[in-house]
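Structure record follows, encoded as structure tokens.
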Amino acid sequence: MLMKLARLSLWNRRGTVLMTWLSLTISIALLLGIDHLRTEAKNSFTSTVSGTDLIVGARSGQLNLLLYSVFRIGNATANISWPSYQRIIKHPQIDWAIPISLGDSHRGYRVMGTNTDYFSHYRYANSQPLVLAQGKAFEQVFDTVLGAEVAQKLGYKLNEQIELSHGVGAVSFSQHKDKPFTVVGILARTGTPVDQTVHVSLQAIEAIHLDWQQGAPIPGRQLTSEQTLAQDLTPKSITAFMVGLKSRMATFTLQRQINEFKNEPLTAILPGVALAELWQMLGMVENLLLLISLLVLLAALVGMITTLLASMKERQREMAILRAAGAHPWYLFVLIQLEVLLVTLLSMLSAAALLFISLYLLQDKLAADFGLFISLQVVKLTSLYWAGAILLLSAVLATIPGVLAYRKALADGLTIRL
Amino acid sequence: MTDKPKIPAIDLKQLQFYYQSGGWQLHLPELTLHCGQHLFVRGASGSGKTTLLNLLCGITRPVSGELYVNGQPLHQLSSSARDSLRAKHIGVVFQQLNLIPYLSVLDNALLSSHFAGQNKTDSVSRAKTLLQRLGLQQDLWHKPATNLSVGQQQRVAIARALLPKPTLLIADEPTSALDSDNRDAFMRVMLAEADANGCTVIFVSHDQSLTQYFHYQLDMQQLVKGVQPC
């Protein structure tokens, strides 16, 4: 009967209840959405690189090195000479190394020169290897393997010819027109910046710049693809390299050795540490967003209590009738609490649905525009904590009209003041 | 008429009530009402009728004196004990707007038995019989209470008041919103049902013409002087 009373009483005031429900739904969806996005973004962020023990580049800050080597954001300050690279990777503790050469692009997507070790050793998320969705890894100098998104966005198929541009802008005035590349492989989607990368061999990077000097073609010294293949294509330098160790125990020792490398100034970073530092910087914004959504929720809850308080006056008769029929004032208190909890519960369910639908619709766009891969699993353990906290908060706020009903019931008796 | 000493439905002695803020006060020296008696209490507004009713049904507690309803010392019981006593033993009918607008007729009638903690299925069947006897046909039972005429609403209120088989029925000017035809019908059906349940009735009104339905009548002025009903 109590449940029936609460349900029908809410239905009786469905106009205001509907608006309350709407505002609560939006604010709870906002809160859960931001919470969901931030955990997902953090996951997506920290899972970009895995299994790599050290990233080595020319001397710079660790964030800069992390950003250009892993996230393809920004540029390297200097390069590492090929002999230095060769010397370091001979270290007995090093299991594998992936050289990276950056600086060119293809229609806004970064080109990364590397070798085939990249496909066998690079790991992301929970130690997942890269998988070729189509084709194979590059074998010839002018072969290229595309990230999933590059292929999808630009509509490239296997065996298609593409041209690279010098520099990293979306529109480049200096093209490597004379040396086209053939698409030989397309990687499966990873949800990391790998999807937005065009992979070529280190030799290819060397080849397209053979007839260049100081970032511009040397006039009168154009080489054709065939001519370049005849040249020595050993790279002179690389931008950075990733290192996997035989034993993780050696990480700090090797890091110090590389940082103190005599031949040229280098920096070695631990990707996990650097990622954590970067995330900490972004954490400020994330916490601010969460705080704002909490305040929005509080405003919506206060709004609900306000409408409830306003309705108490017109519900005096209802309360008096219940009292006359034998209801204890506690019963009225519980009735009001139940109404509030019902509305909140309903709003939480619809908020979860709203969140799911909007994420479902936005998933592709978020992945494409921001590289954020958001799962649709909206209801998880933390959202249950949130749900509990929201219910508790609404119950606490509902004590205001509840106590009012209780006290009025005691004071007014059976008389109804209209 | 009685062969064994029966507990009076209402027995009050030196009952006093006043508000903390002071000023007005009500003092009732003595009143005894036996089971099945119907008492008409007449009084102008402001004479303490409402306070008397609040005291009798246990909403307010007397400041001093003794008040027994159905043998229970109301002046000593806790507020929740008074609430459950009211649910089980006292039925209340107001002037008007007795029903909760969003509940159906049947649910409105069932409210009191719900608070009295009575068996649901049993209550439902009794409520249906009671509603039928009060002239409310089956097609009305599941309609919202607001769809009924005032006369019908007041009859639903009687059904609600009588459903838990109370020993005492308190009516606070239940006919004031009715026209004379409806009023006569209402009075007859209410008192007949009260009689059928062996229920004591206290009926408060300022309408002199209603005295014809009652064996016992008192003025508020007589009541405060301690005159017994006759």
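Brief remarks on what is shown
For every residue, the table says whether it meets (1) of a type outside the set (S, T, N, Q); (2) in contact (Cβ under 8 Å) with a residue 60 or more places away in the chain; (3) at positive phi; (4) touching a helix residue (DSSP H, G or I) at 6+ places or on another chain (Cβ under 6 Å).
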position	(1), (2), (3), (4)
A:Pro235	yes, yes, no, yes
A:Val243	yes, yes, no, no
A:Arg256	yes, no, no, no
A:Phe261	yes, yes, no, no
A:Ala274	yes, yes, no, yes
A:Met284	yes, no, no, no
A:Leu289	yes, yes, no, yes
A:Ala300	yes, yes, no, yes
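- For the stretch B:95-104, the set of residues classified as within 7 Å of another protein chain (Cβ to nearest Cβ) and surrounded by fewer than 23 Cβ atoms within 10 Å (Cβ to Cβ) consists of B:Leu97, B:Pro101, B:Tyr102, listed by residue number.
- Among the criteria (1) touching a residue at least 24 places away in the same chain (Cβ under 8 Å); (2) within 21 Å of A:Leu366 (Cα to Cα), the one A:Gln152 does not fulfil is (1).
- Of the residues making up the stretch B:133-148, those that are within 13 Å of another protein chain (Cβ to nearest Cβ), closer than 17 Å to A:Ile321 by Cβ and not hydroxyl-bearing (Ser, Thr, Tyr) are B:Pro144, B:Ala145.
- Scan of the stretch A:324-350 for residues that are among the small types (Gly, Ala, Ser) and either surrounded by fewer than 23 Cβ atoms within 10 Å (Cβ to Cβ) or assigned to a helix (DSSP H, G or I) (or both), ordered by number: A:Ala324, A:Ser347, A:Ser350
- Considering only residues in the stretch B:110-132 that are surrounded by 15 or more Cβ atoms within 10 Å (Cβ to Cβ) and more than 14 Å from chain A (Cβ to nearest Cβ), the one that is nearest to A:Gln316 (Cα to Cα) turns out to be B:Leu131.
- Test: residue in the stretch A:355-367 that is buried (at least 19 other Cβ atoms within 10 Å of the Cβ), of a type outside the set (Ser, Thr, Tyr) and closer than 23 Å to A:Met19 by Cα: yes
- Subset of the stretch B:35-62 (residues that are part of a loop (DSSP other than H, G, I, E, B), within 11 Å of chain A (Cβ to nearest Cβ) and in contact (Cβ under 8 Å) with a residue 24 or more places away in the chain): B:Cys57, B:Gly58, B:Ile59, B:Thr60
- The stretch B:71-94 residues that are away from chain A (no Cβ under 13 Å) and over 12 Å from B:Arg61 (Cβ atoms), paired with ones that are aliphatic (A, V, I, L, M) and crowded, with 18+ Cβ neighbours inside 10 Å (beta carbon under 7 Å, 6 or more apart): B:Gln72/B:Leu85
- Here A:Lys313 clears all of (1) surrounded by fewer than 15 Cβ atoms within 10 Å (Cβ to Cβ); (2) in contact (Cβ under 8 Å) with a residue 24 or more places away in the chain; (3) not hydrophobic (A, V, I, L, M, F, W, C) except the condition numbered (2).
- Number of the condition not met by B:Asp107 [criteria: (1) surrounded by fewer than 20 Cβ atoms within 10 Å (Cβ to Cβ); (2) farther than 20 Å from B:Phe186 by Cα; (3) of a type outside the set (Gly, Ala, Ser)]: (1)
- Helices (runs of 4 or more DSSP H) fully within the stretch A:1-106 that include at least 3 residues being of a type in the set (Ser, Thr, Tyr): A:14-46.
- Residue count for the stretch A:7-55, restricted to those that are among the β-branched types (Val, Ile, Thr) and more than 17 Å from the chain's Cα centre (by Cα): 8
- Test for A:Leu2: is it modelled with pLDDT of 90 or more and either within 27 Å of the chain's Cα centre (by Cα) or surrounded by fewer than 17 Cβ atoms within 10 Å (Cβ to Cβ) (or both): no
The values are calculated or read from the model by the stated rules, or taken from the named source; none is laboratory data. The shown structure was predicted, so the numbers you read here are calculated from the model rather than taken from an experiment. A quick note on method: Cβ atoms are made from the backbone with ideal geometry, for glycine too, and the neighbour counts reach across all protein chains shown.
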